[in-house]
Every structure is written in C-alpha cells, then in structure tokens.
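Engineer: Below is one structure. I have some questions about it.
The values are calculated or read from the model by the stated rules, or taken from the named source; none is laboratory data. Nothing here was measured: the structure is a model prediction, and the numbers come from that model. Glycine also receives a Cβ, built like all others from the backbone with ideal geometry; neighbour counts cover every protein chain displayed. Quick note on the areas: whole protein, heavy atoms, side chains included, nothing else; ligands and nucleic acids left out. Shrake-Rupley method; radii C 1.70, N 1.55, O 1.52, S 1.80 Å.
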Amino acid sequence: ISLLGIPGRVGERGGISAGSPFRRWCPVMLADVRVSDLGVPMMVTTCVLGLNQLPFAIAESQVHLAVLTSSSVPTEWRPAVILAAIDCADEENQQVCSDFGITGFPTMKFFRAFSKKPEDGIRITNPSATVEELRHAIITNLEKSQDAWPPACPPLEPASAEEVRTFFQRNKDQYLALIFEKSNSFVGREVTLDMLQYENIAVRRVLSSEEELVEKFGVTSFPSGYLLLRNGSFSRLPVHVEARSFYTYYLRTLTGITRGSYKLNATASTFNETDRVSHPLRADRSKLYMADLESALHYSLRVEAARASSLSGAQLAAFKCYVATLVKYFPGRPCVQTYLQTLDAWLKNWTEPELPRTVLKEAMKNNRDASHPSVLPTNVTWVGCQGSERHFRGYPCGLWTIFHLLTVQAAQNGPDKELPLEVLSTMRCYVRHFFGCQECAEHFEAMAAKSMDKVASREEAILWLWSHHNEVNARLAGGDTEDPKFPKLQWPPPDLCPQCHKEERGVHAWEEPAVVTFLKAHFSPANIYMDFAEPDPIPVAREGPGARLGTEGPREERGRGEEEEKEPEGEARIPGRPGSPEPRRPSIVRLNPKLREGGEDIVDLDSFSEQHFKSQLPPCTAGTSPGLGWLLVSPQAREAEEVFGGQEAAGKKVGTSCGASVQC
Ligand SMILES: Cc1cc2nc3c(=O)[nH]c(=O)nc-3n(C[C@H](O)[C@H](O)[C@H](O)COP(=O)(O)OP(=O)(O)OC[C@H]3O[C@@H](n4cnc5c(N)ncnc54)[C@H](O)[C@@H]3O)c2cc1C
C-alpha cells in the first residue's frame, strides 16, 4: 500500500513541478475523491502503474484532489501493490495527511500488507527519483514482507533448478516464462508483476549464478527470456529489445493468455451464448478493412447523426463539416465517393436553419440507378473491428479508424502547415454533437480542450490523435469495456512496428518519427482491403482508385434485395439482433439494467445526446458563436472574431465553409 502526498496549495490546481516523476506516475484520469470516500485510510490501496500507462502526463486539472481509485485507473500490479494519491494541500485531506505524517511534497509511503497504523508507513523515495526508481523501491519494500508474504503477491525471489523442474507438476499453468538476469536487475520481478493479472502463465526470474539452468537453456546474455511449455519444450522469447515492456507485451499476446480474475471493474457477464459472435471473420491486425470503414460511415451518418428529430445550429454545422471533410479525405471507392459528394452538395444547398430528420434521411438514401451510382452500403459488417462478443468493439473502433485515416490523408494531400486542425476539429465537433457515449465525449472534449489547439501542422494532427487514442487505451485497459480477446494495448505494439519502440532508462518510450512513418503506411488507401465488403454496384468501378483495395469474397450474405433504408421497425430494428440492419450496440454504452432485465435490448443512446450531453458540454470552441456553431480556432479566425466581434464575425465573415479559415 502506498500513499502519495501531492504538493499544491489549497484552491490551486496542479502543484507538481514539470520535471517531477510523480507527473508520470499517475498518468490516467485521476478521480476527484474526498478522503471520506476512501473509508478507513489504512485500507487505501491502489497500484503502481504498469506498462500501458507510461508515459502520459497528468492533466494539470486532474491533479487537484487526486486519488487513484479502483474504478478510475487500470492498474497492472494490483492486487499485489496498490497505489493511492492524496492531495495533502486540500483542506479536506488535512486530517488524514496529518495522521500519516506528511509534511513535505511529494512524499511516498509504503505500507506492507497487514499494516495497521499510519506510523507503519515507510518513506521510500526522494522527490527526484525517476519512475523506474520508484518502481524498484516498491519491489524492494515488497520483498521485505518476508514473514507475512501478501497472499496476492506472486513469488519474486529467484527460481531454483528444482523449482523449474517440477513447476508443471505443481501448477496448472500452460506456460512458464523465465527471465535470466543479473542479481541487481529488476526486469524479471517487474515482468512477474506485469503478468500478475494474466492467467495460464507464471513468470520467474533466474539469476545468472544459477549455473544448472543457465547451462540447460544455453543462456549467454542477461537479461534474456525463455518460454517453457507443459510438454517440456522451450524457446527464447523473440523480442526486439531485451527489456521489460517487450517481454511483457510478447507474453500477453501468447495464445491462451487472458487477463483474468483481477480484471478491474469485473462484472459478472450478463451476456449469454447468443452474444458470442457465431462466425468470427478472419482479420489481420495490420490491415484496414473497407467493410469496417463503410459500416462506421453508414452508422454515423444515417443512425447516430440522424438521431435527433432535426439538426440545427452547431449540430447542423458539425454534420456539414463532417461530410465535407469526408468528401475531401475519405479514400472511398467510387460509388461511396459519389455518395458523399452528392450528400455534401445537397447539404451545402440546404440554407434553412433547421434540417428535419425525415428530410435528411431521404437525402441520405442510396441511388443505384444513377449514371454514377451513389451508394454507401447500408449493412454493418465488422471485420477488423469485430469483437469476440457482440457488445464489444464495432462502431467506436470504426470511428477511430475513420478519423485516423482522415488525419493521415489530410497530411498526405495538403500543405502541412495549412489548416492543421481541419480533421481534428471536425472530429471534436462530431464527437461532441453526435457520439452516443456521453462519458466518452466528455473525456474526449477534455483532452481536446487541453491541447488540440497546440497542433501546428497536419503531421502533428496525426500524432495528436494517435497519442490521445493511446491515452484512452491506457485509461480503458482492464476495464469492463475491454474485449478480452483484444486487450487495450499501447498501439502500435512492438510486433506491428518494432522501430516505433525504445526504452529510455528502463522506461518505455516512443520513437515518434518511426510512429509517423508507420501511421502513414497503416492508414493509407493501399492498406485498405475489401474482404467482406459489399460488392461494387458497378463491378468495373473496382478498377478505379480502390483497385488495390479488392482482395477476397463478397460481404456477408444479408438476404437483402434492394436498399432498405427506412427506419427498421419493431423487433427488426433492435440493434444487435441477428439479421437486424442496424449495428449491434456499441460496447461503450451501458445498458439501463431495467431494460436489460425485461429482455429489452434497445440502447439508451438516444437519451444521451438529446437530454444530457449537449447541454453539459461547453460550446464548440472559444470562438463559437451562439446559434451558428462554427469554430474559430485558427489564428485567422480569432483575428476575424476580434475584428468583427463574436457572432457577427462568424456569420458574416467566416461561418460558411469548413476548409477555409474556419475549423469545425
Ligand atoms: C472519441 C472516442 C472516445 C472514446 N472514449 C471512451 C471512453 O471514455 N470510455 C469507453 O469505455 N470507451 C470509449 N471509447 C471507445 C473505445 O475507445 C474503443 O473504441 C472501444 O472500446 C473499442 O475498442 P477496440 O478494441 O476495438 O479498439 P479501439 O480503441 O476502438 O481502436 C480501433 C483500432 O484502432 C487501432 N488503434 C488502437 N490504438 C490506436 C492509436 N493510438 N492510434 C492509431 N490507431 C490505434 C487499432 O487497430 C484498433 O483495433 C471512445 C471511442 C471514441 C471514438
């Protein structure tokens, strides 16, 4: 158990100096929790962060009153070690901080398992310690719990030859990973703790002085990792770098390894067999699939964005910008491009302040009979975004993919410094106004408000979205929306892009130039595959720009003749039901338990946007004009706003198109 005293003054936010390692310690959404919420302070337990969380900075605004709680932080070493952070500058925490003898900041105290009193806390580091030193200090102190070894803590002492020989007789695990290392190395112990929540595998460290094992495995360098199987075979861990994050990543992705009973927020599965995906489609993680992109486009345009009875003001502007941006950068096949262009032209002609849903839906229908067919397939098939169960992945995965693709295409197709925020602002507005998950939208808005306007080039926009998506991944890792078959990892993982990773002083770091190169290749039209996509209405169109896209067979049989774009009714429109033309429920939506009990499967998405979401969020940007909803975030736009003043500026000068000085 560790307790952090975090510096700061009452009423202030932040207080952790820029260089402090604590900034890197608690990287993910820190909940505002009062000491009273913690119950008995001695029971405060939370964990050291693990691999996935490094190296995100704490949001300044989230430091104030920060406590890591079980529900807010994915923690990798739990339940062996749990970490709590308390803002001792807050008056509310005065008593507990005084009880714990916190007089200076930052203070880190370690409480061994079974500690009983505040005085049992051991001060373990100095303020200038690095993240790595903090981790090592925790391990060192854990190991001192000799008499009363915490039951939840895995063995950390070096393995002997005898233990390794009899391991599979004594344990049910499928794998045993051995990290051979020098006695002063922490890699083996860190990997052991990193893998604590994973089932079917045990990790032990073996010292270089353990001659019998060193000889048996032919170990010549330290550290190095070996994997033993129940059948007695073994192999060296094939990692790019002999380092903690590489070992951990490799082990977590082994067949049969799943995050187990320590999964955070674990809720008993309420999904039955029918929730399981019956015909999993084979997808390659290194590819993009047009079926995912078109499914997400269909859902976002025709279902999510068209949910309100009418669009007006900022919402209508956001929708127009979304479509205009898709026209510019979405590398669709010809019939989809035509569809988007037609819709965009139609929207540009719509000058009424209000756009009724019925009218919009009509305008969004396909036209297969036109000389240039205008078709966006109406069915939903997830390939790369398919989850292991129906409530996992799907649409949110598709939406991320679309926007990554758009940032990359915008960078490839326009001058780097021009309109750097074009795509990101479009996404921000889309998410704010339409994304069904209110909690997600709020989190995304908080990230955007903090740093999006610092993006100065189209290439930086690519990186901004990538790094913030990873921040979301870190926050959600181990949570109940994570598909166990697709654990949330920092992306791209080492096997997709070995050059993207490095370790600096024991801490994982990104090689950003390599990441940009990777993202440009991954999110390129050449990497989009047509597997399971609906065949083109005019097959010859395959020879157009998307020709490289075509690979395998047709999209799943849907038993559908002509387009059916009417709102499905009754049973047929329940999302997620087999045969439903609507997509299954996005995994991020928490169902109202009452609906669930009654067998009702309808998403409570509808209520989100209309009732809570829009009213709670701030206007689209600092420069948004009420009722117009255009964003004025570019310097030119800010200037315009100054010159013309607020609403007038937006209306007269800049509130008419997405690609010029106005960001949406
Ligand atoms: C804007 C937004 C905010 C969200 N906020 C929340 C939230 O607050 N709470 C919540 O429960 N869910 C949230 N979600 C949903 C969540 O992020 C996932 O989309 C969902 O859980 C499905 O996860 P997935 O495993 O399919 O991978 P996703 O995270 O959806 O990623 C999709 C694909 O993108 C690629 N990818 C992964 N990481 C990156 C990266 N860093 N850069 C580029 N490509 C990457 C991978 O190929 C991956 O398969 C949000 C989604 C969006 C679009």
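Engineer: Find the helices (runs of 4 or more DSSP H) located wholly in region 279-351 whose residues include 2 or more that are among the aliphatic types (A, V, I, L, M) and free of Cβ contacts under 8 Å to residues at least 40 places away in the same chain, and list them.
Structural biologist: Result: 313-329, 334-349.
Engineer: Thr426: surrounded by fewer than 22 Cβ atoms within 10 Å (Cβ to Cβ) and either assigned by TED's automatic domain parsing to the domain that holds Arg302 or among the aromatic types (Phe, Trp, Tyr) (or both), yes or no?
Structural biologist: Taking the combined requirement at face value, the residue does not satisfy it.
Engineer: Is it the case that region 466-484 has a residue that's more than 10 Å from the ligand (Cβ to nearest atom) and open to solvent by 30 Å² or more (accessible area, probe 1.4 Å)?
Structural biologist: Yes, the conditions are met somewhere in region 466-484.
Engineer: Looking at Thr401, Thr407 in this structure, which one is surrounded by fewer than 22 Cβ atoms within 10 Å (Cβ to Cβ), within 12 Å of the ligand (Cβ to nearest atom) and in contact (Cβ under 8 Å) with a residue 40 or more places away in the chain?
Structural biologist: Result of the check over Thr401, Thr407: Thr401.
Engineer: While we're here: Looking at region 200-218, which of its residues are crowded, with 18+ Cβ neighbours inside 10 Å and either without any contact (Cβ under 8 Å) to a residue 12 or more places away in the chain or of a type in the set (Asp, Glu) (or both)?
Structural biologist: Glu210
Engineer: Condition (residue is over 21 Å from Ala291 (Cβ atoms), within 16 Å of the ligand (Cβ to nearest atom) and open to solvent by less than 20 Å² (accessible area, probe 1.4 Å)) applied to region 342-349: is it met by at least one residue? Talk me through it step by step, then tell me what you get.
Structural biologist: Let us first name the residues in region 342-349 that are over 21 Å from Ala291 (Cβ atoms), namely 342, 344-349.
Still in the list and also within 16 Å of the ligand (Cβ to nearest atom): none.
There is no residue in region 342-349 that is over 21 Å from Ala291 (Cβ atoms), within 16 Å of the ligand (Cβ to nearest atom) and open to solvent by less than 20 Å² (accessible area, probe 1.4 Å).
Engineer: Determine, yes or no, whether Arg368 is surrounded by fewer than 19 Cβ atoms within 10 Å (Cβ to Cβ), touching a residue at least 12 places away in the same chain (Cβ under 8 Å), basic (Lys, Arg) and in the same structural domain as Phe435 (by TED's automatic domain parsing).
Structural biologist: Yes, satisfied.
Engineer: Restricting attention to region 371-383, does a residue exist that is more than 30 Å from Arg282 (Cβ to Cβ) and open to solvent by 30 Å² or more (accessible area, probe 1.4 Å)?
Structural biologist: yes
Engineer: Let me ask another. Can you report the number of residues in region 360-379 which are more than 32 Å from the chain's Cα centre (by Cα) and among the basic types (Lys, Arg)?
Structural biologist: Qualifying residue count, region 360-379: 2.
Engineer: Just checking, does region 155-176 include any residue being under 19 Å from Arg259 (Cα atoms), surrounded by 18 or more Cβ atoms within 10 Å (Cβ to Cβ) and of a type in the set (Lys, Arg)?
Structural biologist: No, the conditions are met nowhere in region 155-176.
Engineer: If you go through region 485-521 one residue at a time, how many are within 8 Å of the ligand (Cβ to nearest atom), of a type in the set (Phe, Trp, Tyr) and either part of a strand (DSSP E or B) or open to solvent by less than 50 Å² (accessible area, probe 1.4 Å) (or both)?
Structural biologist: Residues meeting the conditions: 0.
Here's the yes/no breakdown for (1) more than 17 Å from Arg244 (Cα to Cα); (2) open to solvent by less than 60 Å² (accessible area, probe 1.4 Å); (3) of a type outside the set (Asp, Glu); (4) over 35 Å from the mean Cα position of the chain (by Cα):
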| position | (1), (2), (3), (4) |
| --- | --- |
| Glu119 | yes, no, no, yes |
| Ile124 | yes, yes, yes, no |
| Ala137 | no, yes, yes, no |
| Glu181 | no, yes, no, no |
| Arg189 | no, yes, yes, no |
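Engineer: I need the full set of residues from region 303-324 which are open to solvent by less than 10 Å² (accessible area, probe 1.4 Å) and of a type in the set (Lys, Arg), in order please.
Structural biologist: none
Engineer: Kindly indicate whether any position in region 454-463 is within 30 Å of Pro415 (Cβ to Cβ), within 10 Å of the chain's Cα centre (by Cα) and within 10 Å of the ligand (Cβ to nearest atom).
Structural biologist: For region 454-463, residues within 30 Å of Pro415 (Cβ to Cβ), within 10 Å of the chain's Cα centre (by Cα) and within 10 Å of the ligand (Cβ to nearest atom): absent.
Engineer: Report, by residue number, each residue of region 100-114 that is closer than 26 Å to Cys153 by Cβ, of a type outside the set (Lys, Arg) and not in a strand (DSSP E or B).
Structural biologist: Phe100, Gly101, Ile102, Pro106, Phe111, Ala113, Phe114
Engineer: Which is away from the ligand (no atom under 16 Å from the Cβ), of a type in the set (Gly, Ala, Ser) and modelled with pLDDT of 90 or more, of Ser374, Ser425?
Structural biologist: Going through Ser374, Ser425 in turn, the sole match is Ser374.
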